Amino acid sequence: MAGLTRRRLMELSTMAGGAALLGAPAAAATPAAGAPAPLGPVVLAPDDPRYTELTTRGHNGRFTGSPDVVHLVGSPGQVVAAVEQAARDRKRTAVRSGGHCFEGFVDDPAVRVLIDVSEMTDVSHDPERQLFAVTAGATLGRVYRTLYLGWGVTLPGGSCPGVGVGGHVAGGGYGALSRRYGLVVDHLYGVEVVVADRSGRARLVTATRDSTGPERELWWAHTGGGGGNFGVVTRYLFRSPGAAGAPGDLLPKPPTAVRSVSLGWQWQDLNQEAFARLLRAHGDWHQRHAGTDTPYADLSSGLTLGHRAAGRVSVDAALDASRPRARELLDAFAAELTAAAGVPHTATTAETPWLKSVLGVVQWPGGARFKSKSTLLRKPWSDRQIAVLHDHLNRGGEEFATAGVYLTFLGGRINTVPQDATALPHRDSLFSVVHETLWGEPEQTERHLAWVRGLYRELHADTGGVPVPNEANGGAYVNYPDTDLADPGWNTSGVPWSALYYRDNHRRLQRVKERWDPLDLFHHDLGVRPAG
């Protein structure tokens, strides 16, 4: 390992828990006699048969990386050693948790060092500090299961159980419980992150909401500043603001069961007028019930506009099954939407134990090629945009059966937090929208990219082809990265991509970057970069 002294390597190798860099004696990090040692360090070069397994883990089959080395790490000390080596050699570094990045930020040919934290999956309660610690490789499914079965609590995160918390939390994190409890980062007490200084020396830093100065800014940057920007997160520390006492009082409690309704319409029954009536009614209903002072304050709701080749448009909604009048409220919701559409529909209802409802989500097969584009809406779609949606969802043949537009209801507690309280600034949005297409064969790529790019550009034709923040748009969500936003061929608004993702918080994030990653070791095509 060129660039590291033997003494420094010995220091790093003893830091199984990183304690030596936090002022505790190195011996404190040594596992007790008989205790299992952490995995690793496993360092893989391209000639190792395991290398391929770790360089093809990415969710999007459009991208495959070829780093010089992959570090499969099992402890913070191993992360420190890997970062320090990369920093001393001035090699661009990326980190992978669940591997669900929508773009090729990790699987970029320019990335020379890949640090894979997927084997760091602990979820635990810390009674001394009264918080929960989640290592960055844990999946959302593991977090939900362990927190709930162990202590009866949860985090209001996303609906895909295979997603890793490493990137999900850093980007803000929202899900079915967010209207009731806010974003995941609204419950983030602290972050343990490995950073490198200008000399190339790496260290583990603990930054919390109670920290002061640069450390607090580092915590703040991880409340929506996006992954791959400041260092390598090894653990997230969770405790709701103002919470104290027993473990069951430190984080939100999920419902015991959820009451749900699923409505469906066949494309063969939806002419343009019926489609427009349905979307207008959907937008109007959700705008009326977006706040926290409505009987639907904790409703989770999603609209799926599948391509005509998929055959169906659907609306799914759920409430806490223990809520008084939960069935009645959902019936009223369904009645208003189906009456507005005025065409045949299907309706199914169910009551499902909460944990089963979040762990039973069908997983998107990894490795498929896809392109996603994000919009945050402050208002429902206009009549012009509804017409654009109808047009594009009826373009193309059977190969677009996996294309569509997916809209998620926001508001509620999410929107009660000030814009600058977290790095994620979108505290005034009504909906999160994903415009997406998925395909299998390389020769289909250009057709699918043209479809989703054309749809997106026409939807935002009034603002240069992108959702420039204004009365109707909130911008875009950083956990759904889209490099087209930085391409003047697709973004003709004159507004930089950073304003779409971070709005007024971008300059503050740049100052954090300057302080904590002065070598710009961690960067990508939509990364926060030092000013200048």
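Values quoted throughout were computed directly from the atomic coordinates according to the rules given, and no laboratory measurement underlies them. Treat the numbers as computed from the prediction; the structure is a model and nothing was measured. Virtual Cβ from ideal backbone geometry, glycine too; neighbours counted across all protein chains shown.
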Note, ³J(HN,Hα) from phi for region 106-112, Karplus 6.51, -1.76, 1.60, rounded to Hz, x at Gly and Pro: 7, 8, 8, x, 6, 6, 9
Phi-based couplings in Hz for region 329-346 (Karplus 6.51, -1.76, 1.60; Gly and Pro marked x): 5, 5, 4, 5, 4, 5, 4, 5, 6, 5, 5, 5, 5, x, 10, x, 8, 10
Restricting to the chain, what percent of DSSP beta bridges are antiparallel, rounded to 5? 90
For the chain, what are the per-bin percents of Cα-Cα distances with bins 20 Å wide, up to the bin holding the maximum? 22, 56, 21, 1
Based on Cβ point charges of +1 for Lys and Arg and -1 for Asp and Glu, what charge dipole magnitude is obtained for the chain about its Cα centre, in debye rounded to the nearest 20? 840
Convert each backbone phi in region 271-277 into a coupling constant with the Karplus relation 6.51 cos²θ - 1.76 cosθ + 1.60 (shift: θ = phi - 60°), then list the ³J(HN,Hα) values in order as whole Hz, x for Gly and Pro. 6, 4, 5, 5, 4, 5, 4
Under 29 Å between alpha carbons, and skipping anything fewer than 8 positions from K379 in its own chain: which lysines qualify? K371
If you average the alpha carbon positions of region 354-425 and of region 169-190, how far apart do those two centres end up, in angstrom? 17
In Å, what is the Rg of the alpha-carbon atoms in region 35-162, and how long is Dmax? 16.0, 46
Could you point to the residue in G494, G397, F275 farthest towards the positive end of region 257-504's charge dipole, with +1 and -1 charges on the Cβ of Lys/Arg and Asp/Glu respectively? F275
In region 257-504, if every C-alpha pair distance is counted and binned at 10 Å from zero, what percent goes to each bin? 7, 29, 36, 23, 4, 0
Per 10 angstrom bin, beginning at 0 and ending with the bin that holds the maximum distance, the Cα pairs of region 157-229 fall in percents of 19, 46, 27, 7, 1
